[in-house]
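Written out below as structure tokens is the structure these notes cover.
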Amino acid sequence: MLVLEYKAVVKKSQSTAIDEAIRTSQFVRNKVLRYWIDNRGIGKKELYQYNTQLRAEFDFVKDLNSHACQASVENVERAIKRFFDNCKNKKPGKKGYPRFKKDSRSVEYKTSGWKLHPSKRRITFSDKKGIGELKLLGKWDIHTYPIELIKRVRIVRRESSGYYVQFCVKVDAIQEPRTGDSEVGLDVGLEYFYSDSNGYHQENPRFLRKAEKAIKHPQRRIYSKEKGKNNRRKASWRYARKHLKVSRQREEHAKRIARNVCKANAFVAYEELNVRGLVRNRRLAKSISDVAWNSFRRWLEYFAVKFNTQVVAVPPHYTSQKCSSCGNIVKKGLSTRTHTCKCGCVLQRDVNAAINILCKAKSTTGQVGSNAWGVGTSTLLGATQAHASCDVEPRIPRLIAVGSVNKDKMVKPESIKAANRP
Ligand SMILES: [Zn+2]
């Protein structure tokens, strides 16, 4: 499935209609879910029958295209299946019991209820919700695909940026081959986005810091406008847009880097970090949020499946202190950027850590046996292990060490040493 997304030009009356359609689809979804919860053991058929019943009972449900209602039922079905699958596979942690939706942001149509304009730059929704014709903005080529291949049309609402129309086109994903079969360990940090075990450093772009000035200005403008007035709302919208841009840049960057890494390597090891816990450290919060490790990790997992790369997370445990060549613990001051060991091993600090991460990942997967080489599940394996030993080494001080670039904002060495003591 390929998803093409367009920005929709929407009039005020149309946005009301779209919101109404989204609300209806959420209503159907929640009702059907409630029905399933109240009548345990019922199957697909009953869920669809109940949907028909809802359409007879409520006029506003009937106004929504019948296939769009079905799509909501399918959504529940998928959620139920996911839950049962998780139970069956004994997934660690929460099993994802289907939940009610509170703020749905999309409505999904199937192959009816909409029509593309011959130019394929406009789409008309023909059900009784009254959405009508929407103009589509975007550079994707929906016109190159035959209309029968469009299996789904989704309208998505995004706060602060408006409405989008997504087309799900049924084409086989182009399988891209991996370009390399090497193994690599990654040490993420604040100085560099990551340093790998081959000695390569990926620069950290720091989008928020770069955009800081451009953001500060609209932020101040908000407070100069009178409370509760339209101008204030507009000003805060402008401010939100700036942040949206930064978060998109970050996401794109993390995605690109993760893709490159997975494409070039058969085995990728990284250090499991509790980013949430780290962000609570107020002095570093901004820098840490700005590097987007979480999305980097998500994208690593995503591309791992795509390129058939094994991605493993290892628990942080003396990865920076241990010598990667002889295994001795070499205590380093936090400002020491080079790892120098008695055995003659001299490496950049993060590179030493990256090599340790790689070795550790290889030894863990070795213990688990061939099962660990399955795609996708490997990360989960690492994650559980990370929890088991997460209190071995205090993690925040290590990160401060990595973030030597923001020296002015750094904690004084004394206080770090104090924090490092158990
Ligand atoms: Zn050594």
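Throughout, read-outs are computed from the coordinates displayed, never taken from laboratory work. Remember, predicted model here, so these are calculated numbers, not experimental data. We place every Cβ from the backbone using ideal geometry, glycine too, and count neighbours over all the protein chains shown.
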Based on alpha-carbon centroids, what's the gap between the range 289-347 and the range 54-82 in Å, whole number please?
48 Å
All aspartates and glutamates inside 17 Å of Lys12 as judged from Cα atoms, apart from same-chain residues fewer than 8 positions distant:
Glu20, Glu133, Glu159
Given R₀ = 56 Å, what would the calculated FRET efficiency be for Ser161 paired with Asn328, taking r from the Cβ atoms and rounding to 0.05?
0.60
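About its Cα centre, what dipole magnitude does the range 96-192 give when the only charges are +1 on Lys and Arg Cβ and -1 on Asp and Glu Cβ, stated in debye to the nearest 20? Walk me through the numbers before you get to the answer.
Numbers: 20 positive and 13 negative charges, 215 e Å.
Result for the range 96-192 is approximately 1040 debye, rounded to the nearest 20.
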One finds, for Lys306 and Asn231 with R0 = 51 angstrom and r their Cβ-Cβ distance, a FRET efficiency to the nearest 0.05 of 0.65
Listed pairs Lys255/Lys332; Lys135/Lys170; Lys213/Lys331; Lys128/Lys234 exceeding 29 Å between Cα atoms
Lys255/Lys332; Lys213/Lys331; Lys128/Lys234
Cα-projected label distance for Arg298 with Lys151, points at 7 Å along beta-carbon direction, nm:
2.3 nm
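Going by a ≥ b ≥ c, the root eigenvalues of the Cα gyration tensor, does the range 126-258 fall in the rounded group (a/c under 1.5), the prolate group (a/b larger than b/c) or the oblate group? Before the final figure, lay out the partial values.
Numbers: a/c = 3.82, a/b = 1.08, b/c = 3.53.
Taking the square roots of the gyration eigenvalues as a ≥ b ≥ c, the range 126-258 is oblate.
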For the range 2-169, size of Cβ-based charge dipole, Lys and Arg +1, Asp and Glu -1, in debye
600 debye
With a 10 Å radius around each residue's Cβ, average the other Cβ atoms per peptide and rank 210-216, 1-7, 127-133, highest first.
127-133, 1-7, 210-216
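How much length is gained if the chain between Asn39 and Asp59 is pulled fully straight, taking 0.36 nm per residue apart and subtracting their Cα-Cα distance, in nm to one decimal? Can you show the working numbers first?
Details: separation 20, 0.36 × 20 = 7.20 nm, distance 2.45 nm.
Length gained between Asn39 and Asp59: 4.7 nm.
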Return the Rg/Rh value of the range 1-49, two decimal places, where both radii are evaluated on C-alpha atoms and Rh is the Kirkwood radius.
1.19
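R0 = 25 Å: FRET efficiency of Lys362 with Tyr200, Cβ-based, nearest 0.05?
Values: r = 19 Å, r/R0 = 0.76.
E(calc), rounded to 0.05, equals 0.85.
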Please compute the modelled spin-label separation between Asp181 and Asp103, points set 7 Å along Cα→Cβ, answer in nm with one decimal.
4.9 nm
